[in-house]
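Working notes for the structure below.
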Amino acid sequence: MTAQMFGVDDRGDKDVTLDMLDYKYIDECNNVKEMERILKVLRSAKDGYYPHLIRHCENKLTNLDPKNKYLRKESPAISSRDLPSEDRDQLTNGLSDWSKEMKNELKSEVNGVHENNLPPIRSSKTMKGNRVKKGDVGSKKTERIRSADYKSWDKYDVDEECKKVDEQNPVVHETKTSIPHKVSAEGMTDEEREMRAGREKDKGNEAFKAGDFEEALAYYSRSISLIRTAASINNRALAYLRLERWEDARMDCDQVLMMEEDNLKAKLRRASSLKEMKMYQDAKLDLDFVLEKEPNNARAKKLLAEVEEKIPKRGHRMEISEVEEDEDEINEETSPAREQIQQFQEPASTQEPTPTEDSASIPKSTPAQNPTPYQDSATQDPRSTESSSPADPASSSTATSSPEPPPQKEFSSTATNLSSNDQTTLPRCEPLTQGNIEVDAQEIEPEIPQSPLPMKIEAIKTSAGEFYRSGQYGEASGKYTQAITQLKMRMKKESDCNYSHALAVLFNNRAACMLKSGNDKSCIQDCDSVLELKPADVKALVRRGSAYEHMEKYVQAYNDFRQAQVADWSASQAQDGANRVAKHLRDLHGPGWKDKLSGEFQKELQPDVTREQSNKVPASKPKKKTEKKLPSTTSVKAEEMEAKRQKIRQDLFTKLKSEGNEMVRSGKYNEAVERYTKCINICPEEVASYTNRALCFLKLKKDLSAVHDCTEAIKLDEGNVKAHFRRGQARRNLGMMTDAEKDFVKVIELDPKNRSAKNDLDALRTEIKSTTKRKIEIEEVSEDEEEPEESGKEPDAFVSSQVKAEEDVARDESWIQAPRDELPSPCEDDDSGSSEVKNEQLDTEEGGKGKPQNEESTLVLPEVPEKMTPYEFGNLWNSIQPKTHVAAYKIILDKVSLDQIPVMVSNKTTDHVIVTFAHIAQSHIDSSEFDRAFLILQHLARAQRFDMAAMFLGQSDKNIVGEVFASLANSVESKKVSFDISDVNRLRACYKI
Amino acid sequence: MEKPQIISHMEKSVNYTLYDCKWIPRSAKFVTIGSHPRGTGALHVYEISHRDLIQLKVYETPTSLKCGTFAASSLQSRHLATGDFKGQLYVWDLENGKPVYQCDAHPEIINAIDGVGGMGVGEGAPELVTGSRDGAVKVWDVRQRDAPVACMEPEDGEDRRDCWTVAFGDAYNSEERCVCAGYDNGDVKMFDLRNMSVKWETNIKNGVCSVEFDRKDISMNKLVASSLEGKFRVFDVRTHNSKTGFASLEEKAHKSTVWLVKHLPQNRDIFMTTGGSGSLSLWKYDYPVKRVKVEDGVKTGVAGSLQYLQNATLSTQPVCGMDWSPDKLGLAVCVAFDQALRVIIVTKLNRI
C-alpha cells in the first residue's frame, strides 16, 4: 500500500495507479485525458513494459480521439527505392521532365533585359531600443480644462477638437489595405509574366479559401492584368458573386464566354448574377444551355427551379447557399484532380434536403435517410436506401436514370472520420465515388425486389448506431447481432421478402465494430458474409484487408486491398492499405516478393479476378495458402457475381477511356492523363491506355514519361505500331536520335505503309546528318578563326528554334523571326553560300566513309539539283521579305524536287506556308503547269504537322486555297492532265476545304 | 483524404558542415551553403538530373557561410546573398563565383538572412535583412553600399540578445513592409519599416529558432515562430487587438528543438517544421469559421486549428536547412548536421 503510494508519487502522475494499467480498466475508461496519462505511464515502462497492453491502450485512444497527439508516431522517411516500381518511375520521370523543362526555359530567358522601375532607396534610419513605445498611444495627456477655468473654455474650439478626434480614430483601425489591382508588366519576359500571373492567381485562390473575397478579387485582377486567362477571369467572377457585385460578375462571365464559348461554369455563374439582377429570362437561357450539356448538374437545376418560380411573380428574392460547392470549384480550377470529385459532389446536395456533414442532424423520421451511424456504408449502396424507402420514387428514379452521379452524398470513408466530421467546419472529405460503381451495378443486375426493414429491426439498428458513435463497440456489435438474428428469422418465415442487402449492411456494420474492438477473426467472418451477399463491396474488402493486416497476414490483406482498389479506383483507404502491406511484404520477402508469392498476385492484377480468391480464408503462414470456400457459396453463383463485377469494371473503364479521348480532342491533356492513369489502374493489361497516355505526355512535352509509357505498351504488345511510333517521337525530342531511328525503323517494319513514320524517319536522318555536319564545320571554322562565334551559334539556334516550333503552332512566329535576324536575304548572304559549299564537301566526304544508317537519306539527297538541307531551306524561306513575295518563294521551291517537299518543310508547316504554296500553285496554273501545281499541293499535304496547320487556316486563307482547287478542278474538265476530279477532291479534303 | 507522403528521393554526403540550402529559382538546381573545417565557406551548386545529383559548381569563400537567400535578386540575375561567421554580407554571382556586393554588415556572425522584392515576390525595392549575434537587425539595399537602409538595435545599455532569425512580410504594395525577428530569449518583434517602429512584440518563453510569414507579398496573414523546446506558435496576424495582440495557437511538433518553419510556396496554409532529431513534420492550418470576432466594437482575431499531415525522420542530427522548390510542387531539399543533403518529395500536396 505504502509502496504503491510512493510509486505514485515518484511518477508524478498522481492519477495513474497500478490498477489502472489493466485491460479491463482501459476498456471501460472513456476519459481521453486519463487515457493519455495511462499511455504515457505505460510507454515510460516505469512499471514494466507491456507491448500488447500499450497497443491496446493506443487502440482505445484511437477510438476515443483519433487525432490525439499521443498517437503521433515518428516514422522513417520512405526512400524512393522502397516505392513500388511504377510509382518510382512516375516520380523520377516526372522530375526529369520537369528539370528538362526548366533547362529549356533557362535558355529562352537569358536574353531578357529587365529594366524595372524600382522605388527609390529607403532613407537610412536607425531605431534604438526595440521596445513597443508604451507612451505612444496614451501619452498625449491633453490637459483637462477645469470646469471653473472659464478663460480656457473661451479659447476651446469645439470643431477643432471634434476634428482631432476624427483624425485619431481611423489611425487605430486602418488595417484595410489597398492592394494595387494592376501590375506593371513592363520589361518582363513572357515566362516571367506567366509565372507572376500564376502566383497572383494562387494568392487569389488562397485568399478566397480563407474567405477574404475583397483580397481575392484584387489578386485575380492582378493576375488578369498580367495575362488574361479564362480561368482567372472566371474565378474573379466568382469573387464578384460573393461580394454581390452582380453586374461585374456578369461582365466577367461574358468575357470568359467570349474566350471559351462552352464554359459551363461561366454560364452558371452568369445565370446566378442575372438572377440576382432580376433578369430571369436571360438567366433561364443560360441555365437551359448548361442543363443541355450536363443534364445532371444539380446547381443548374436548383437555380432553374428558382428562376422559373420567379418568372411569373417577380420581386421575390431568395438566398442561395452555395458556399461549399464553389469553394471546390476554385480548387478544381487549380487542380484538375478535383474535377472528377466535383462532378460527383455537386449533384449530391440536391437530393439531400440538409447537406450537412453531421449525420446525426438528419431527421430520423425521413424515410429516405438510413438512420444508421454508418451513413458511409449504408448510403454508398443505393440499393439499401431503396430497400428502406420504396416510397421515395424521386431518389430511386434518379439513381437508375443517371449512371454518373451518386444518388447520395458520400461521406468520408472511415467511421472514425465520421465522428471527427462533427468538428470540422469546412468539410473537405473526399467523397468516394463508389456510388458510381454501385449505380452501374444496379443497372446490370436483375432487379431483386427489396423489402423495407421491419420497424423493430430498424430500431435495433438505430440504437446500435448510436452505441457505435459513442465508441461503445461491444454494445453496438451486440445490437447488430440481435438485428441480424431477427432478420434471418424473418427471412425464413417470409420467403417472399428479400432482405439480402439490408443483411449485408448489418454484417458490414458489425464487421466495423469487430474491427474497432480488435476482434479481427469475427471481423473477417462478417466481411466474408457481406461479400457473399454483395461480392464487390469495397467497404467489406477494405475492412477485411485491415483485419488481415492486424493479424499480420499480409498476403491476404494485400489481396483484399488490391481487389477493393480494382473495384473502386478512388478508394484511398484501399490504396494506402495496399501500399502499406506491400511495404511489409517487401521487408519480409525482399524486393522480389511479387515473384516469390507469384500466381495469386498476377491473377489479382489481371482484370479477370476469380471469385474464389476473394473467399480465401487466412492460413497460418502467408506463404502457404489454403483454399477454403465458404460453405454456402456455390461456384455457379460465384461465377455470376464475377461476371457482373467484370462488367462493372469494363463499363467504368470504357467510360473513363472515352472521357480521356474526349479530353485529348479538346486539348486538355493533363486531365486526359488522369483519366488514362485511372484506366491503367483498373485494367493494367490494356495497351491502348498506355499508348494514349503516351500521346498526352508527348503533347505535354513530358517526353521521358512518354517513353516510359510506350515501353510499357511495347512490353505488353510487341507489335504495337503506335507505341513504337510515339516512342520514336519522344526519343527524338529527347535528342536520343539513334534510338528514335530504331523505333521508326521498327514502325516501318511493322507497317510498311506508314507514311508519317517514313517522313519522320527521313527528317530524323537528315537532322542527324545536319547536326553531325555542323559539328565538323565548327571545328574547321575555329581552325581558320573565321567568325567562330556566329557559326557556333547556328546549330544551337537551330535546335532551340526547332524545339519551339514543335511546341506550339501559335508560337511559330518566333521561329520565323529568329533565324531571319541572322540571314537578312538569300542572295546577299555570302556566308551562307560558303557554308553551303563546305557542306557539300563534307557531305561527299561523309558519303565516302559510308555511314550505313544514313544510306537512305544520302541516296535521296543527290537527286536534288542544288543541294539544300531542310535547315537551309527553312532559313531561305524565312528570309523572304515581304512575306507575300510569292515569286521569291517560287524560286526557292523550284529548286526543290517535288518528293522532297515534305522533308524540306519538315515540321514547320504553318498556315503561312500552306497559303504561300497555294499562291505558287496558282501561279503554276496561270502558266498552265497544272500537273506541277497539283503535285506541289499533294506533296505539301504529306508534310509533318500539316493536318494541324490546315486545321488552323483562317477563313481568308481557306478562300485562297479554295480558289486554287477550283481552278484545278476546272483544268480537269478542260485540259489534259494526269489527275482526275476525284484526286482533286481527295486533296481538297486533306486541306479541310 | 489521402495522406501526403514524404519521400527521400536522393541523398548525398559531403565533407563540410552544411548550414543552409536554397533552390535557384526557375531551375532544377540548388545551392548548398556551409563551412569547411578549415574555416572557409563552401558554396556548391547541384542540379537534379534523371536519377542523380550532379555537382555543377564548387566555390570556396574566405569565411564560413551561415545563411543565404535569392529572394532579393531578379529572375534574370539570380544572385545569392549570404551572411557569414564574421558578419559580412556578400552577394554572389553563381556563374563565376565572384561577389557583386560586399559589406561588413555586423561585427559578429550573421545568423539569418531574408530578402524581398526580387523573383517577382512582393512589391517595391529589393531588400535584404540580416539578423546577427550582436542583437541588431539591419535592412540592406544592394544599390547602397556600406550602410544599411534601416537598422533596429537595442538601446545602449540594454542587454543585447542574440538574434537568431529574421523574416520579411506584409509587402503587399510598394510602401508597406515589415520585418519580424526572433531572439534567443524568446522575444518575437515585428518592426514596421515604413514608420520605423515596433509594431508588435511578444515572448514565447524559449529561444526563437525560426520565424516565417506564410507569404511575404500579401497583407500579413499568418506568422509561425518555432522555439527551442519543440513547440511552435502560429499567429493570425491579420487582426490586431491593441490589448490582446494577435490570436495564436501553440503546438508541439518535435521532441527536440524546432529548427525551421518553411511554408509551401504554392499553398500558404501548409508548412513543414524540421526538428533537432532529424525529423520533418508537415502541417496544415485550417481557418476558423470566422476569423474575426467583434467585442465592444474592437476586433479580435480568432485562431484556427492545425492538422498534422505527415512526419518523417531523415537523420539523427538536426535538420538545419530546408527549402521548398518554388517551381515544382512538393519538391524540397534539406540539409542536416550529419553532413548530408537530401532531396525530398512530398506527394499529394495538391489534393489536400
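Throughout, read-outs are computed from the coordinates displayed, never taken from laboratory work. Just so it is clear, the structure is predicted and the values come from calculations on it, not from any experiment. Cβ: placed from backbone, ideal geometry, glycine included. Neighbour counts: every protein chain shown.
Would you mind checking A:Lys722/A:Lys742; A:Lys701/A:Lys958; B:Lys138/B:Lys189; A:Lys33/B:Lys205; A:Lys553/A:Lys583; A:Lys488/A:Lys553 for any pair whose Cα atoms are more than 20 angstrom apart? Working shown, then result.
Details: A:Lys722/A:Lys742 14 Å; A:Lys701/A:Lys958 30 Å; B:Lys138/B:Lys189 14 Å; A:Lys33/B:Lys205 25 Å; A:Lys553/A:Lys583 13 Å; A:Lys488/A:Lys553 31 Å.
Too far apart for the 20 Å limit: A:Lys701/A:Lys958; A:Lys33/B:Lys205; A:Lys488/A:Lys553.
When only Cα pairs under 8 Å and 6 or more residues apart are kept, what is the percent relative contact order across segment B:251-334? Each step should come with its number before you reach the end.
Values: 176 pairs, mean separation 24.1, N = 84.
This gives 29 percent for segment B:251-334.
To make sure I understand, if each residue's beta carbon is the centre and we count other beta carbons within 10 Å, what order do B:His36, A:His724 fall in, fewest to most? Kindly include the intermediate steps, with their values, before the conclusion.
Values: B:His36 15, A:His724 27.
Lowest count first: B:His36, A:His724.
Per residue, how much space in cubic angstrom lies within the convex hull of the C-alpha atoms of segment A:693-737?
Cα convex hull per residue, to the nearest whole number: 55 Å³.
Roughly how crowded by other chains is peptide B:68-74, in terms of the mean Cβ count from those chains within 10 Å of each of its Cβ atoms?
Working: counts 0, 0, 0, 0, 0, 0, 5.
So the per-residue partner count for this stretch is 1.
Neighbouring Cβ atoms within 10 Å as the yardstick, rank A:Cys696, A:Cys527 fewest first. Show your work: numbers first, answer last.
Working: A:Cys696 25, A:Cys527 30.
Ranked by crowding around the Cβ, least crowded first: A:Cys696, A:Cys527.
Could you order the peptides A:951-959, B:172-180, A:76-84, A:922-930 from most to least packed, using the average number of other C-beta atoms within 10 Å per residue? If you can, show how the numbers build up before the last one.
Values: A:951-959: 12.6, B:172-180: 21.6, A:76-84: 17.2, A:922-930: 15.4.
Going by the mean number of other Cβ atoms within 10 Å, highest first, we get B:172-180, A:76-84, A:922-930, A:951-959.
Where the centroid of each part is defined by its Cα atoms, how far is segment B:21-85 from segment B:167-200 in Å?
Distance between centres, Cα-based: 27 Å.
How many times 2.2 N^0.38 Å is the alpha carbon radius of gyration of segment A:174-297? List each step's numbers first, then the result.
Numbers: Rg = 15.4 Å, N = 124, 2.2 N^0.38 = 13.7 Å.
Relative to the 2.2 N^0.38 Å estimate, segment A:174-297 comes out at 1.12.
Can you sort A:Asp252, A:Asp19 by how many other beta carbons sit within 10 Å, fewest first? Each step should come with its number before you reach the end.
Values: A:Asp252 27, A:Asp19 9.
Listing A:Asp252, A:Asp19 from fewest to most nearby Cβ atoms yields A:Asp19, A:Asp252.
Please give the charge dipole size of segment B:204-337, origin at the Cα centre, charges +1 on K and R Cβ atoms and -1 on D and E Cβ atoms. Round to the nearest 20 debye.
That gives a dipole near 200 debye.
If you bin every alpha carbon distance in segment A:207-257 into 10 Å steps from zero, what whole percent lands in each bin?
The calculated distribution, bin by bin, is 32, 58, 10.
Take the alpha-carbon centre of segment A:703-726, take the same for segment A:887-931, and report the distance between them in whole Å.
One Cα centre to the other: 36 Å.
Quick one: which of A:Lys67/B:Lys299; A:Lys103/A:Lys702; A:Lys201/B:Lys3 span more than 21 angstrom between C-alpha atoms? All intermediate terms of the calculation are to be shown ahead of the outcome.
Working: A:Lys67/B:Lys299 31 Å; A:Lys103/A:Lys702 13 Å; A:Lys201/B:Lys3 25 Å.
Flagged as over cut-off: A:Lys67/B:Lys299; A:Lys201/B:Lys3.
What whole-number volume per residue, in cubic angstrom, does the convex hull of the C-alpha atoms of segment B:106-164 give?
Working: hull volume 5.3 nm³, N = 59.
Cα-based convex hull of segment B:106-164, divided per residue, equals 90 Å³.
Can you tell me the relative contact order of segment B:140-189? Whole percent, Cα pairs under 8 Å, sequence separation 6 or more.
Details: 49 pairs, mean separation 12.8, N = 50.
Relative CO of segment B:140-189 lands at 26 percent.
Quick check for you: which residues of segment A:911-929 have the amide N under 20 Å from the point 7 Å beyond the Cα of A:Lys883 toward its beta carbon?
A:911-922
For a quick check: with amide H placed at 1.01 Å from N, whose amide H comes under 5 Å from B:Ala150's, ignoring anything fewer than 5 positions away on the same chain?
Residues meeting the criterion, in which the H sits 1.01 Å from N, are A:Lys125, B:Val139.
At most 15 other Cβ atoms within 10 Å and a DSSP loop assignment: could you name the trypsin sites (Lys or Arg not before Pro) in segment A:964-993 that fit?
Numbers: sites: A:Lys975, A:Lys976, A:Arg986, A:Arg988, A:Lys992; in loops: A:Lys975, A:Lys976, A:Lys992.
Qualifying residues, ordered by number: A:Lys975, A:Lys976, A:Lys992.
Could you work out, residue by residue across B:211-221, how many beta carbons of other chains sit within 10 Å of that residue's beta carbon, and then give the average as an integer? All intermediate terms of the calculation are to be shown ahead of the outcome.
Numbers: counts 0, 0, 0, 1, 4, 0, 5, 9, 9, 2, 6.
Across the residues of B:211-221, the mean count of other-chain Cβ atoms within 10 Å is 3.
Which whole number gives the average count of other chain Cβ atoms within 10 Å of the Cβ atoms across peptide A:94-104? Before the final figure, lay out the partial values.
Details: counts 4, 11, 5, 1, 7, 10, 3, 3, 11, 4, 0.
What the average comes to for A:94-104 is 5.
Percentage of Cα-Cα pair distances in chain B greater than 37 Å, rounded to whole percent?
On the way: 7489 of 61776 pairs.
I get 12 percent for the Cα pairs in chain B exceeding 37 Å.
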